[in-house]
Structures are given as structure tokens and as C-alpha cells.
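Worksheet: one structure, shown below.
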Amino acid sequence: MGSNKTWHDKHAESLTFGNRVADAVANGMGSWTFIIIQTVLVFLWMGLNIVGFCYHWDVYPFILLNLVFSTQAAYAAPIIMMAQNRQSERDREQARADYETNLMAKEEIEALQEKLNTIEIEKLDKIILMIEEMKKEMKSR
């Protein structure tokens, strides 16, 4: 029995641990959940540093917060680019698989068309033969 793996299955199996982590990070950072959680944390960070009920670890203008965001962006950008590159690879692989499927379908359609043409020719040959036999019978009468 042959392998029934799709191009998607084969691609998923070829991913390294780093590829999987990059995809997970890109998916996470590209979600509303991430944006909402990050927004809540930023307001909490700024609120705790403005109100002053506790130790001010990052006073206004929040230089440490800016540094955290810069560091996050420095790591997020290449990770997201890796995930986008893999998406391009997946798209190319899917296009190749679609092309192969279309090519096989074209060949099958051409074979069916040839078979139908052969059947039509055989039918026409039989009809012509029958007509000729009928003509012979008519002449012999």
C-alpha cells in the first residue's frame, strides 16, 4: 500500500524544532489575544509607575518599557520573517502539487477524449458497414 501523505503532511514533517517555534511565536504575536494581553500589561506597568503605591522601577517617560519593546521588536521581526518565508515555501509547494494534479487530470481527460473518439469511429465504421450491407441486399433483390 502506497503513502497517502499530502504535501501538507510532508511539509509539516520536514519542519525543525526552530521552525515550529518560529511559527508558534508568529501565530501568537499575530493574534488579538497577544495584543490585548500586551495592552493590559503596558497600562498596568505605566499605572503602577505613575500611582506609586509601590517602588517605581521605571519612572516617566518609561525608558525601561521602551527598551523592553525595542528588544521584543528586535527578536519578533526576524522570527516573523522566518514564518513568512516558510509560508511562501508552503505556497510554492501547494502550487506545485496543484500543477501536478492539473497535469494528471489533463492527461486523463485527453485519454478519455481519445477513447471516446475511438468509440465514435468504431460506431461510424459499423454504421457504414451496415449501410453497405443493406445496399447489397437491396441490389440483390
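Every number here is computed from the coordinates shown, using simple stated rules; none is lab data. Everything numeric in this text was worked out from a predicted model, so none of it was measured. Cβ: placed from backbone, ideal geometry, glycine included. Neighbour counts: every protein chain shown.
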Relative to the Cα centre, what is the charge dipole magnitude of the chain, using +1 at the beta carbon of each Lys and Arg, -1 at the beta carbon of each Asp and Glu, and rounding to the nearest 20 debye? 140 debye
Across the chain, how large is the tail of the calculated P(r) beyond 19 Å, expressed as a percent of all Cα pairs? 75 percent
Taking the chain as the reference, fit the longest principal axis to its C-alpha atoms, fit the long axis of helix 63-140 to the helix C-alpha atoms, and give the angle between the two in degrees, 0 to 90, nearest 10. 10 degrees
At a threshold of 8 angstrom on Cα-Cα distance, excluding pairs fewer than six apart, so keeping six or more, what relative contact order does the stretch 7-110 reach in percent? 39 percent
Label-point separation in nm, residue 93 to residue 60, each point 7 Å along Cα→Cβ: 5.2 nm
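Multiply the residue separation of residue 137 and residue 42 by 0.36 nm, subtract the distance between their alpha-carbon atoms, and state the gained length in nm to one decimal. It would help to have the intermediate numbers written out before the result.
On the way: separation 95, 0.36 × 95 = 34.20 nm, distance 10.13 nm.
Stretched fully, the residue 137-residue 42 segment lengthens by 24.1 nm.
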Listed highest first by mean packing, meaning other Cβ atoms within 10 Å per residue, what order do 23-36, 96-109 come in? 23-36, 96-109
Residue 76 to residue 4: FRET efficiency via 1/(1 + (r/R0)^6), r the Cβ-Cβ distance, R0 35 Å, to the nearest 0.05? 0.40
The number of Lys pairs in the chain whose alpha carbons lie under 26 Å apart, excluding pairs fewer than 8 residues apart on one chain, is 12
At what distance in nm do the modelled label points of residue 130 and residue 112 sit from each other, each positioned 7 Å from its Cα along Cα→Cβ? 2.7 nm
If one takes the longest principal axis of the Cα atoms in the chain, at what angle in degrees, from 0 to 90 and to the nearest 10, does the Cα axis of helix 17-29 lie? 70 degrees
Hey, can you rank 80-89, 112-121 by average C-beta count inside 10 Å, highest first? 80-89, 112-121
